[in-house]
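Accompanying notes for the structure given below.
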Amino acid sequence: MQRIKQVSRPLNGYSRCFFGVWFLAMAASVGWKHADEPSYKAQIDEWHQHRVSSLKSETGWLNLAGLFWLTEGKNSLGRGSDFDLAFPAANASVDLGTLYLEKGEVRFAPNADKTVLVDGKAVTEPLVIFASNTKPTVLANGSLRWFIIKRGDKYGVRLRDLESPYLKEFQSIDRYPVDESWRVKARFEAPASPKTIPIIDVLGIVSQQPLAGTLVFERAGKTYRLDAVGEGEKLFILFGDNTNAHETYGSGRFLYADKPIAAGNGNSPSEKEWVTLDFNQAINPPCAFTPYATCPIPPKQNKLALAVTAGEKRYGDH
């Protein structure tokens, strides 16, 4: 059985020869593994610990503390209620500077006190912190971190607080017992021609996402289909199921999977491509952990008419 990888790490085994892939598949089918290979449950538990560590990290979802939408032109920024963008106050009201949104570009002009930092250094002059095709700049003041996000035609400031109560209150995420029967083999159907599918987020913004392919699998003698989009070296699946009403997050969960490996050398039209869907790795969307995320919602064709009793259960009341 192949060792389960972290979601954030792309696999590099696709270049293995056909015989190697076939041999590993056959070994997995009969339960063979190296003597020092952890059990499947141990692998899933280890993966989940990495997942929790990611949530608690500085770039995780648990420390989100605000989302502030910019208006075109000038936006005053500070800690306290006297600003257009009112960050949580520290000991007293603090003027942090001004953000200017102009034609899709965001510029930050600091105040004279040099209280805002970038990479540990004070910002002393106006600085472009967001522009198309560039990575947003992260600004800091005390325990606060913030940067610009774009959703549709809206521009906002995403605020993190490294001392967030959501982070301090976090204990764990309840899960279903690990069940290897929910690690299923799915046939990958690539679109005949480039195609997009509409994905709506919690803000009501619809975006057209390129369809990577459709995953077809069976459970208890019935066939199910899930559309997947691409995210780096992974497939990204937004799905809902019958557990959403009571046990899991109401709008659905997320699942990542490796991109497909051809069953043969790819020269025969009868050869299929396959993907492993491990629902034990189904996770809550960021909106389960914070009210300041802008999560996508599963498309209607990805709402499964079965109960997926695997992966993460509902967390919090967001």
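The values are calculated or read from the model by the stated rules, or taken from the named source; none is laboratory data. Only a predicted model underlies this, so the values are computations on that prediction, with no experimental measurement involved. Cβ placement follows ideal geometry from the backbone for every residue including glycine, while neighbour counts extend to all protein chains displayed.
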Quick test for you: out of ASN242, ASN302, pick the one residue that is among the polar types (S, T, N, Q), farther than 23 Å from THR196 by Cβ, modelled with pLDDT of 95 or more and touching a Leu at 6+ places or on another chain (Cβ under 7 Å).
ASN242
Would you say ASP95 is charged (D, E, K, R) and modelled with pLDDT under 95?
yes
Filter region 166-184 down to the residues that are surrounded by 12 or more Cβ atoms within 10 Å (Cβ to Cβ), not aliphatic (A, V, I, L, M) and not in a loop (DSSP other than H, G, I, E, B) and list them by number.
TYR166, ARG175, GLU180, TRP182, ARG183
Determine if region 58-81 includes at least one residue that is within 27 Å of the chain's Cα centre (by Cα), exposed (fewer than 13 other Cβ atoms within 10 Å of the Cβ) and under 30 Å from ASP174 (Cα atoms).
yes
How many of the residues making up region 196-227 are of a type in the set (Lys, Arg), over 22 Å from the mean Cα position of the chain (by Cα) and surrounded by 14 or more Cβ atoms within 10 Å (Cβ to Cβ)?
1
Just name the residue that is surrounded by the most Cβ atoms within 10 Å (Cβ to Cβ) out of those in region 228-247 that are farther than 20 Å from THR294 by Cα and acidic (Asp, Glu).
ASP241
Could you check TYR315 against (1) modelled with pLDDT under 95; (2) on the phi > 0 side of the Ramachandran plot and say which number it fails?
(2)
Scope region 105-155; condition surrounded by 12 or more Cβ atoms within 10 Å (Cβ to Cβ), within 30 Å of PRO198 (Cα to Cα) and small (Gly, Ala, Ser); matching residues
ALA131, GLY152
Single unsatisfied condition, ALA90 versus (1) surrounded by fewer than 19 Cβ atoms within 10 Å (Cβ to Cβ); (2) outside the structural domain of PRO285 (by TED's automatic domain parsing); (3) among the hydrophobic types (A, V, I, L, M, F, W, C); (4) at pLDDT 95 or above:
(4)
Among the residues that make up region 32-49, is at least one of them in contact with a Phe, Trp or Tyr (Cβ under 9 Å, 6 or more places away or on another chain) and either acidic (Asp, Glu) or within 30 Å of GLN171 (Cβ to Cβ) (or both)?
no
Report whether or not LEU159 is surrounded by 13 or more Cβ atoms within 10 Å (Cβ to Cβ) and under 30 Å from LYS300 (Cβ atoms).
no
